[in-house]
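Below you'll find the structure, written out as structure tokens, and then a few comments.
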């Protein structure tokens, strides 16, 4: 079986005047690629591969490259983490406080409708300001919170993920975390204060809030003697 | 004999993997459009994205289909399959980028940020569709099996 392939970049038979090179009638056609017969032996010979086969192979590389790039982009943008199953994590799940776990630790695979409460945090930090880390310690299910310091908002409500968001806050005063939206299973979040290196695993319902009263422990002259 | 074995593998790959990938791709494209993008626009809240993950899986399947001679036989038997696979991949890529932009922008509840996100997403879709049109104009998928010349 004889095959012909036409390509706009190659010979354009439409422009060839009839009778110059051939006395055969050449019909006017659009640009076409002809599908070859299935012949595995032909596939092994690169030079004899049809334009269609070459295009399929080229397309395969392009699509594969797009897939790899997509996965890289997805991995770079992903904030999800694996659940910490250590003893410290198990202990933190019971006490809801940890001084050993790092900021951004994930304790649960799914939200468990935990409603915590307000806290008074007394610390002995000399610094005027500290860093506050806020993250979702369970599933990234679309919980939104807003952080206030002494009644002033630190920004718009934002979605909490397993990767912490940081704020610079004073070491003394009131920090309020307001639950703006529950993505399902209650709003589970954790806050880590750099001033006392402690994480508080807390929770609330939608439109609920938790207040953290930050106080500096003042030492009297008797204490120092 | 070798040809028959290759046909068996081609049959298994087509009915076991490729056809399901195309089917899921169709569902995912609809899911991203109506389940993610429209829902995010209506609610104003971000959601998890699935487009890039499925783009990776489909890229892997279509890549293997194109590389392995036995697997790409389906493209010769069904000439519409290759253009369909490529154009659906392009659709999925455009929608996945739009979904990712929207999910990122809607992570913060702010009217100005939401408006900016929606404008960027619309521009991205328009630009990607124009690029897609230019590419397909330069490389048209005109594949006629019935025009084989003896």
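Just one of the numbered conditions (1) at pLDDT 90 or above; (2) under 26 Å from residue B:52 (Cβ atoms); (3) surrounded by fewer than 17 Cβ atoms within 10 Å (Cβ to Cβ) is not true of residue A:95; which one?
All conditions are met except number (2).
State yes or no: is residue B:12 away from chain A (no Cβ under 13 Å) and assigned to a helix (DSSP H, G or I)? Can you show your working first?
Values: away from chain A (no Cβ under 13 Å): yes; assigned to a helix (DSSP H, G or I): yes.
Yes; evaluated as a whole, the condition is true for this residue.
If a residue has to be assigned to a helix (DSSP H, G or I) and more than 16 Å from the chain's Cα centre (by Cα) to count, how many in segment A:60-92 make the cut?
Going through segment A:60-92 one residue at a time, the tally reaches 15.
Out of everything in segment B:38-59 that is farther than 17 Å from residue A:74 by Cβ and surrounded by 18 or more Cβ atoms within 10 Å (Cβ to Cβ), what residue ends up being nearest to the other protein chains (Cβ to nearest Cβ)? It would help to see each step written out before you state the result.
Initial filter on segment B:38-59 (farther than 17 Å from residue A:74 by Cβ): B:38-45.
Keeping just the survivors that are surrounded by 18 or more Cβ atoms within 10 Å (Cβ to Cβ) gives B:40, B:45.
Numbers: B:40: 10, B:45: 6 Å.
Filtering first and then ranking leaves B:45.
What is the one condition in (1) over 28 Å from residue B:118 (Cβ atoms); (2) assigned to a helix (DSSP H, G or I) that residue B:29 does not satisfy?
Answer for residue B:29: the failing condition is (1).
Can you say whether residue A:174 is surrounded by fewer than 18 Cβ atoms within 10 Å (Cβ to Cβ) and outside any strand (DSSP E or B), as far as the supplied structure shows?
Values: surrounded by fewer than 18 Cβ atoms within 10 Å (Cβ to Cβ): yes; outside any strand (DSSP E or B): no.
Here the answer is no, as residue A:174 does not meet what is asked.
Out of A:56, A:72, report the one residue that is farther than 27 Å from residue A:112 by Cβ, surrounded by fewer than 16 Cβ atoms within 10 Å (Cβ to Cβ) and either more than 14 Å from chain B (Cβ to nearest Cβ) or out of contact with any strand residue (DSSP E or B) (no Cβ under 7 Å at 6 or more places or on another chain) (or both).
On the way: A:56 fails: surrounded by fewer than 16 Cβ atoms within 10 Å (Cβ to Cβ).
A:72 is the lone residue from the list that is farther than 27 Å from residue A:112 by Cβ, surrounded by fewer than 16 Cβ atoms within 10 Å (Cβ to Cβ) and either more than 14 Å from chain B (Cβ to nearest Cβ) or out of contact with any strand residue (DSSP E or B) (no Cβ under 7 Å at 6 or more places or on another chain) (or both).
Which of the numbered conditions does residue A:164 fail, given that it passes all the others? Conditions: (1) more than 11 Å from chain B (Cβ to nearest Cβ); (2) free of Cβ contacts under 8 Å to residues at least 60 places away in the same chain.
Among (1) more than 11 Å from chain B (Cβ to nearest Cβ); (2) free of Cβ contacts under 8 Å to residues at least 60 places away in the same chain, residue A:164 violates only (2).
For every residue, the table says whether it meets (1) crowded, with 20+ Cβ neighbours inside 10 Å; (2) at pLDDT 90 or above; (3) in contact with a helix residue (DSSP H, G or I) (Cβ under 9 Å, 6 or more places away or on another chain).
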| residue | (1), (2), (3) |
| --- | --- |
| B:5 | no, no, no |
| B:8 | no, yes, no |
| B:16 | no, yes, no |
| B:32 | yes, yes, yes |
| B:61 | yes, yes, yes |
| B:71 | yes, yes, yes |
| B:76 | yes, no, yes |
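The values are calculated or read from the model by the stated rules, or taken from the named source; none is laboratory data. Source: prediction; values computed, not measured. Glycine also receives a Cβ, built like all others from the backbone with ideal geometry; neighbour counts cover every protein chain displayed.
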